[in-house]
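Written out below as structure tokens is the structure these notes cover.
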Ligand SMILES: Cc1ncc(COP(=O)(O)O)c(C=O)c1O
């Protein structure tokens, strides 16, 4: 069956020669057609075979796009009748009808820049941020808010004008000192407090690095699979992305990769996101030597290494860097709570001054009293004791989850990997499994998991799996939530 409006729209916008893989391109075009109301609610999509024939692409490409739309709730399957656009796209995202006509007839939508489009089209943040098994979210209910509010009252008692006017870009000095002290001990980071610049988290640290150190067209090596947020931010900054394979020892560039010298190398060496491997010592040395020889910047994202339960605890990459090539990033999103929006960037000494100026010019520094509260929280020992307590709590949640996995899948091809550290593990699935479809069915059954294939540069090359966060699930719910998930997985095996 032909859907004329859709066919015209797709034939007009689908580009077979684009660098974007066909399945991703089709998925984005269909999603855009739904959001822009080119396809209205309850419209029936053509069968995958018809659409594949029409666009002269493989049926698998269409199936992938449909699965992804299903997983995200843009369309729904009605048994025996086909796939229909759901009736849940909120009115606020709908464009007025004239704008729809303009959007359909021109290849350049009227409002967003090219950069804006890149950002929105590759958006990866999940709507659900709490409950079984949302990855990457700590148990915020355990945060000692009574201590925090006491410290906050203290710093608010008589704030100095400095705390309430525009602040200096590097951040509140006692907090920079507390972070430097902590990082020296916990992560062997080699720094003085002046090298620590306070930011609103790793996303902002990355944004600063891009604005101050990159030019459009620069090349970035990015782990594959990779944290979607970092990849999207680098891409949106105009960088060319080169996905680099990850193996059991971390980033694994091949001979061809080495000939394409990047300006940036983005890595999560202490706990690769999402697979969970630790970058080995030999790999670290090679990477640092290569960066030194070719003047590359290594971005070390050390987002959750506080939570290690077993395996090799390795110090930071930064402490092995004798050529000032590493930009080290950390965050309080995992150790305390994501809504705090505080993180830090440890810079080579020569970059401190321009970065502090950069913060002043771009963001105007502030939140001094929140930083002062955090400084008190750290210097009075509450930070390290909170981490210690949470590590024990997460370790026992992890053990419950591993036990549940063992009970249902021991001796099968469904295996857990990456469970030595962090807030999630990866459940590897047999290669024929469609992790998008499983995640969609699990969501319908009330369990949130993220498909591993989402984290790969090219979905066609992706290994199927599921990211299961165990930190924000109460211990008592783990076994029953996993049983629901296991039932869904078994239906796909
Ligand atoms: C690998 C990685 N880096 C960075 C972040 C985000 O850090 P922030 O909240 O400080 O921006 C996340 C969040 O999940 C992450 O998984």
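Multiplying the sequence separation of residue 255 and residue 149 by 0.36 nm and subtracting their Cα-Cα distance, what value in nm do you get?
32.7 nm
Report, to the nearest 10°, how far helix 59-71 tilts away from the longest principal axis of the Cα atoms in the chain, using its own Cα long axis and a range of 0 to 90°.
60
Return one number: the angle in degrees, 0 to 90 and rounded to the nearest 10, between the long axis of the Cα atoms of helix 173-187 and the longest principal axis of the Cα atoms of the chain.
Roughly 80 degrees, rounded to the nearest 10.
If eta is 1.306 mPa s and T is 10 °C, what Stokes-Einstein diffusion coefficient results for the stretch 350-493, Kirkwood Rh from Cα pairs, in µm²/s?
Here the translational diffusion coefficient equals 88 µm²/s.
From the helices alone, meaning DSSP H stretches of at least four residues, give me the mean residue ellipticity at 222 nm for the chain, per-run term -39500 (n - 2.57), in deg cm²/dmol to the nearest 500.
Calculated at 222 nm, the ellipticity per residue is -13500 deg cm²/dmol.
Across 5 Å bins from 0, what is the distribution of all Cα-Cα pair distances for the stretch 2-53, in whole percents?
4, 18, 32, 29, 13, 3, 0
In percent, what relative contact order does the chain have, based on Cα pairs under 8 Å that are 6 or more apart in sequence?
For the chain, the relative contact order is 18 percent.
Over the Cα atoms of the stretch 117-157, what is the Rg over Rh ratio if Rh follows Kirkwood?
Over the Cα atoms of the stretch 117-157, Rg/Rh equals 1.25.
Cα centroids of the stretch 125-179 and the stretch 449-493: how far apart, whole angstrom?
The stretch 125-179 and the stretch 449-493 have Cα centres spaced 31 Å from each other.
Sorted by average packing, counted as other Cβ atoms within 10 angstrom per residue and highest first, what order do 410-419, 262-271, 170-179, 332-341 take?
262-271, 170-179, 332-341, 410-419
By how many degrees, between 0 and 90 and to the nearest 10, does the Cα long axis of helix 349-362 differ from the longest principal axis of the chain?
60
Can you give the log10 of the normalised intensity I(q)/I(0) at q = 0.16 Å⁻¹, computed with Debye over equal Cα scatterers of the stretch 176-244?
-0.68
At 0.36 nm per residue, minus the direct Cα-Cα distance, what do residue 185 and residue 432 gain on full extension? Give it in nm, one decimal, please.
Extending this stretch completely gives an extra 84.4 nm.
Give the whole-number value, in cubic angstrom per residue, of the convex hull volume spanned by the C-alpha atoms of the stretch 245-365.
Measuring per residue, one finds 122 Å³ for the Cα hull of the stretch 245-365.
Using only the Cα atoms of the stretch 235-314, build the gyration tensor, take square roots of its eigenvalues as a ≥ b ≥ c, and label the shape rounded, prolate or oblate: rounded if a/c is under 1.5, else prolate if a/b is larger than b/c, else oblate.
Cα axes put the stretch 235-314 in the prolate bin.
Return the distance in nm (one decimal) between the two label points of a simple spin-label model at residue 463 and residue 130, each offset 7 Å from Cα along Cα→Cβ.
Inter-label distance under the simple model: 3.4 nm.
So what's the projected area for the stretch 182-333, the Cα convex hull averaged over all directions, in nm²?
For the stretch 182-333, averaging the hull's shadow over all directions gives 8.5 nm².
Sort 143-149, 117-123, 206-212, 324-330 by packing, meaning the average of other beta carbons within 10 Å per residue, with the highest value first.
For the peptides 143-149, 117-123, 206-212, 324-330, the packing ranking is 324-330, 206-212, 117-123, 143-149.
Among rounded, prolate and oblate, which fits the stretch 286-347 when a ≥ b ≥ c are the square roots of the eigenvalues of its C-alpha gyration tensor, a/c under 1.5 means rounded, and a/b larger than b/c means prolate?
Judged from the Cα gyration tensor, the stretch 286-347 comes out oblate (a/c at least 1.5, b/c at or above a/b).
With 10 angstrom as the radius, rank 378, 320 by how many other C-beta atoms surround their C-beta, starting from the fewest.
Ascending Cβ contact count within 10 Å gives the list 320, 378.
Taking the radius of gyration and the Kirkwood hydrodynamic radius from Cα positions alone, what is the Rg/Rh ratio for the stretch 288-439, to two decimal places?
Radius of gyration over Kirkwood radius for the stretch 288-439 works out to 1.05.
Taking N as the number of residues in the chain, what value does Rg over Cα atoms divided by 2.2 N^0.38 Å take?
Normalised Rg, Cα atoms only: 1.02.
All of the numbers you see were taken from the coordinates with simple rules; none came from a lab. From a predicted model like this one, the values you see are computed outputs, not experimental measurements. FYI the Cβ positions are ideal-geometry reconstructions off the backbone, even for glycines, and counts take in every protein chain you see.
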